[in-house]
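The values are calculated or read from the model by the stated rules, or taken from the named source; none is laboratory data. Please read these numbers as outputs of a predicted model, since none were measured by experiment. Cβ sites come from the backbone with ideal geometry, for glycine too, and all protein chains shown count toward neighbours. The area values use the complete protein model at the heavy-atom level, side chains included, leaving out ligands, DNA and RNA. Shrake-Rupley method; radii C 1.70, N 1.55, O 1.52, S 1.80 Å.
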Amino acid sequence: MSLPPVSAETLGHLSDEAPEAPEDPKTGEPVKSQSPLKIAAGRLRRDKVAMVCLVIVVIFVLIGIFAGSIAKLFGVETGPGNPARDLDFLNGGMPREGPPNGGYDPDHPLGIAPQTAEDNLAVLLYGLRTSLMISVLATIVASLIGVVLGLTAGFLGGVVDKIISFFIDLFLTLPYILIALIVAPILNERFALRPEIYSQMQLISLVAILAGFGWMSVARLVRGEVLSLREREFILSAEVIGMPTRRIMFRELLPNLTAPIVVAVSLMLPAFIAAEAALAFLGVGITQGESLGQTIGQAVNYFELYPLFLWEPLIAIVVLVVALNLLGDAIRDAVDPKTRR
């Protein structure tokens with residue numbers, strides 16, 4: 001049985017007709033195709049908890065960026081105040097006005113520190129800037145190291161993969177707090193007599209410690225993703241046509257790793273903020289300049305007499321870390337539909 005002939009004009013009309021786009025069953029409008037990142041961004045915008053956390057994080061970032069301007073607006077500054085005038089040394093060096101024994105002091109909205117009369121609001125503003133700067137720098141450095149090593153290990157495989165995996169496991173077994181406790185006395189002895197660069201060296205060493213012990217999770221994540229992606233058709237095609245290895249890694253593989261990298265960075269940042277505060281509390285982090293962890297370490301001794309002195313930096317760190325953690329969880333859920341709440 002033969003089929004009836006089809007004219008060339010009919011074939012032309014059939015080839016020109018585009019397939020109809022699927023329609024939304026609720027609205028009846030055509031559904032537009034979207035990239036995975038746009039779909040994830042839409043899910044994130046619909047998450048009220050994520051949006052509240054994002055606003056909180058943005059506020060903290062703006063406070064850190066404009067700490068100097070905000071301090072001038074309130075008329076406060078860092079550095080020791082006037083202890084002879086502002087403190088009562090017969091009462092353990094407590095403030096004469098404001099908390100804990102007085103009312104609200106407009107000159108010092110959050111009170112002053114015992115023994116030094118330093119303004120708590122100024123310390124909080126500049127301490128937030130220090131914590132955010134250190135954590136962001138450490139996150140950037142750790143992410144770059146982790147992405148490069150993860151890409152290299154996953155794509156090249158073989159001996160290179162075994163060597164990089166060995167170093168990942170090695171660094172995971174080393175306690176970074178112990179390493180920090182070892183490095184701090186060395187820096188104190190090496191640069192204590194050079195105060196012009198001592199604070200910079202403290203910052204650099206702290207970023208190096210946090211990044212040096214924070215890149216392994218990113219490297220493992222990227223390596224696992226690359227192991228699954230390198231067998232895909234577009235990678236095999238790129239290898240067949242002779243595309244250079246570096247181009248395949250950074251032009252073909254890396255764009256497909258955006259989502260897991262964003263999730264890893266969003267979860268790494270709050271961990272570094274908490275770690276910086278913990279190290280400063282132990283006297284290993286920033287000791288020159290303002291630091292929330294350093295303030296908490298000083299305020300512990302006055303908790304019974306002056307609890308507000310401890311609660312101010314502690315609440316700031318807790319709110320920032322919780323907001324970043326919840327935002328990171330929301331980003332992870334938005335990127336991966338299987339874990340969506």
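For segment 70-85, putting each phi into the Karplus relation 6.51 cos²θ - 1.76 cosθ + 1.60 with θ = phi - 60° gives couplings of 5, 4, 5, 4, 8, x, 10, 8, 7, x, x, x, 10, x, 5, 8 Hz, in residue order, rounded to whole numbers and with x for Gly and Pro.
Computed across the chain, the Kirkwood radius stands at 24.1 Å (inverse of mean 1/r, all Cα pairs). Annotation note: GluC sites (Glu not before Pro) in segment 151-248 located in DSSP loop regions with a Cβ neighbour count of at most 16 within 10 Å are Glu231.
I need the calculated FRET efficiency for the pair Ile163 and Gln115, taking r as the beta carbon distance and R₀ as 41 Å, to the nearest 0.05. My answer for the efficiency is 0.20.
Each residue was assigned an accessible area with a 1.4 Å probe, and for Val57 the value is about 20 Å². When restricted to Cα atoms, segment 187-305 yields an Rg and a Dmax of 21.5, 73 Å, respectively. What are the residues whose amide H is under 5 Å from the amide H of Leu87, where those residues sit 5 or more places off or on another chain and H is modelled from the backbone? Under 5 Å from the amide H of Leu87 lie the amide H atoms of Arg96, each far enough along the sequence or on another chain.
Comparing Ala316, Ala280, Ala142 in a Gaussian network model of the chain where C-alpha atoms under 10 Å apart are linked, the largest mean-square fluctuation is found at Ala316.
Surface composition of the chain: carbon plus sulfur atoms contribute 64% of the solvent-accessible area (1.4 Å probe, protein chains only, all chains present). Treating r as the C-beta distance of Asn91 and Ser69 and R0 as 30 Å, the FRET efficiency rounds to 0.30. Heavy-atom accessible surface of the chain, averaged per residue, reaches 59 Å², computed with a 1.4 Å probe. Computed over segment 163-312, relative contact order equals 23 percent, with contacts defined as Cα pairs under 8 Å that lie 6+ residues apart. If you model segment 172-254 as an ellipsoid using its alpha carbon gyration tensor, with each semi-axis the square root of five times an eigenvalue, the axes come out at 43, 16, 7 Å, biggest first. For the chain, the residue among Gly150, Ile296, Phe281 whose Cα projects farthest onto the positive side of the dipole built from Cβ charges is Gly150.
The simple Förster model, with R0 at 22 Å and r as the Cβ-Cβ distance, assigns Val49 and Val319 a FRET efficiency of 0.95.
Note on segment 204-258: with charges restricted to the Cβ of Lys and Arg (+1) and Asp and Glu (-1), its dipole about the Cα centre is near 140 debye. Look at the alpha carbon pairs under 8 Å that are at least 6 residues apart: their mean separation over the length of the chain gives a relative contact order of 21 percent.
Stretched out fully, how many nm does the piece from Leu170 to Val240 gain, at 0.36 nm a residue minus the Cα gap?
21.6 nm
For a quick check of your reading of the filter: which GluC sites (Glu not before Pro) in segment 66-121 sit in a DSSP loop and have no more than 13 other Cβ atoms within 10 Å?
none
Dipole of the chain, Cα-centred, from +1 at each Lys and Arg C-beta and -1 at each Asp and Glu C-beta, to the nearest 20 debye?
600
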